[in-house]
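Visitor: The structure that follows is given in the form of C-alpha cells.
The values are calculated or read from the model by the stated rules, or taken from the named source; none is laboratory data. Here the structure is a predicted model, which means the values were calculated and not measured. With ideal geometry, Cβ positions are generated from the backbone for all residues, glycine too; neighbour counts draw on all protein chains shown. With ligands, DNA and RNA removed, areas are computed over all heavy atoms of the protein, side chains included. Shrake-Rupley method; radii C 1.70, N 1.55, O 1.52, S 1.80 Å.
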Amino acid sequence: MEESQELALTQLRKSVEKLSSSTEGYDKPTLMRFLVARSMDPVKAAKMFVDWQKWRASMVPPTGFIPESEVQDELEFRKVCLQGPTKSGHPLVLVITSKHFASKDPANFKKFVVYALDKTIASGNNGKEVGGEKLVAVIDLANITYKNLDARGLITGFQFLQSYYPERLAKCYILHMPGFFVTVWKFVCRFLEKATQEKIVIVTDGEEQRKFEEEIGADALPEEYGGRAKLTAIQDVLLPQAAPVTLTNNNV
C-alpha cells in the first residue's frame, strides 16, 4: 500500500508540473487528500490541485488567511461556533441557521465560508496545520423560518468543501430538520457528490440523537446540545500566533 501511494504521489507531482504548476512546499498529507478525493487518479488529482491553487490565490490574501475585518457583517450574527475537539479528535464547527440570513453580497459570503473553514481546520492542531486534518460539522435547523432559508449559501459551503477542501469533512450532522426544509434539502443534494452525502447524518430520532451525542463527546458538545462545553462563537476563539504562518506555508 505504501509503495502504491508513493508511486501515485510521484505521478501526481509530474502531472502538476505538466500543468505549469508545482507541488513544492506541500507535504504528503496535503497531496494525499487530493488523490483520495479523485480515487487515487494522479491526473485528475493534479487538475484538482492546480484548480485549488488558482482558486486559493484569488480568494485569500498573501497572509494566508482572511481577516475578520473583511467578514464582520457575517460575524456579527454569531451564527457559527467553534468547539472541540470531538471524541475522535476533530474540531467541531456548529452552524446555528436561525441566526443566518441570505447575504446580499455573495462574494463576501464566500469569504466568510473560507474564513470559517480555515479557522476550524487551523484549530485542529493548536494552529499547526499539517495537511491532513478533518473537521466535524453540525448544522442546527431548530427554529428556522422562511427568512433563514438559503439554499444557495448551503450549496456554496458544501461545494467549497468538495472542490477546495478535499477530504476535510469527517462527518456532518443535521439537527432539527423541519418538514418544510425537506424539499430544500433534496434540491441541495443534487449538488453533492456521493462521497459527501455518505458523510451526512440527519438526526431524526432519539437513538440517532444518542449516537450523535456519544460520537461528538460531552466535552466538545455545548450544553445546549446535551454536552458540557460552552457555546463559543468562532470569532471568540483565539488561535496561537503561529497559525497564520502555518496556513500560509500549507495554504490549507
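Visitor: When the chain is fully extended, how far beyond the present Cα-Cα distance does residue 17 get from residue 145, taking 0.36 nm per residue of separation?
Guide: That works out to 41.1 nm of additional length.
Visitor: Need one number: % antiparallel among DSSP beta bridges in the stretch 70-236, to the nearest 5.
Guide: 25
Visitor: Same structure, new question: Shape verdict for the stretch 1-59, please, from the Cα gyration tensor: rounded (a/c under 1.5), prolate (a/b greater than b/c) or oblate.
Guide: Since a/c reaches 1.5 and a/b is larger than b/c, the shape of the stretch 1-59 is classed as prolate.
Visitor: Compute the FRET efficiency between residue 159 and residue 27 as 1/(1 + (r/R0)^6), taking r as their Cβ-Cβ distance and R0 = 25 Å, and round to the nearest 0.05.
Guide: 0.50
Visitor: Something else now. Calculate the spin-label point distance for residue 230 paired with residue 3, positioning each point 7 Å from the Cα along the beta-carbon direction, and give it in nanometres.
Guide: So the label points at residue 3 and residue 230 sit 5.5 nm apart.
Visitor: Which length gain, in nm to one decimal place, applies between residue 44 and residue 202 when the Cα-Cα distance is subtracted from 0.36 nm times their residue separation?
Guide: Extra length from residue 44 to residue 202 when fully extended: 53.8 nm.
Visitor: Over the chain, with every protein chain in place, what whole percent of the accessible area is carbon and sulfur at 1.4 Å, could you tell me?
Guide: Carbon and sulfur atoms account for 54 percent of the accessible area of the chain.
Visitor: R0 = 45 Å: FRET efficiency of residue 69 with residue 219, Cβ-based, nearest 0.05?
Guide: 0.90
Visitor: Another one. Which parts of the stretch 52-87 would a label at residue 108 reach, counting a residue when its backbone N lies under 18 Å from a point 7 Å out along Cα-to-Cβ?
Guide: 59-61, 66-80
Visitor: Any chance you could give the angle, 0 to 90 degrees and rounded to 10, that helix 151-164 forms with the longest Cα principal axis of the chain?
Guide: Between the helix axis and the principal axis of the chain, the angle is about 30 degrees.
Visitor: Next question. Rounded, prolate or oblate, given the Cα gyration tensor of the stretch 57-107, with a/c below 1.5 counting as rounded?
Guide: It comes out oblate by the Cα gyration axes.
Visitor: Once label points are set 7 Å from the Cα along Cα→Cβ at both residue 58 and residue 78, what is their separation, rounded to one decimal in nm?
Guide: So the label points at residue 58 and residue 78 sit 3.6 nm apart.
Visitor: Output the relative contact order of the chain, whole-number percent, from Cα pairs under 8 angstrom with separation of 6+ residues.
Guide: About 24 percent, as a whole number.
Visitor: Which sequence of 52, 185 reflects their accessible areas, 1.4 Å probe, from the largest down?
Guide: The most accessible residue leads, giving 185, 52.
Visitor: Something else about it: When ligands, DNA and RNA are left out and all protein chains stay put, how many square angstrom of accessible area per residue does the chain have with a 1.4 Å probe?
Guide: 51
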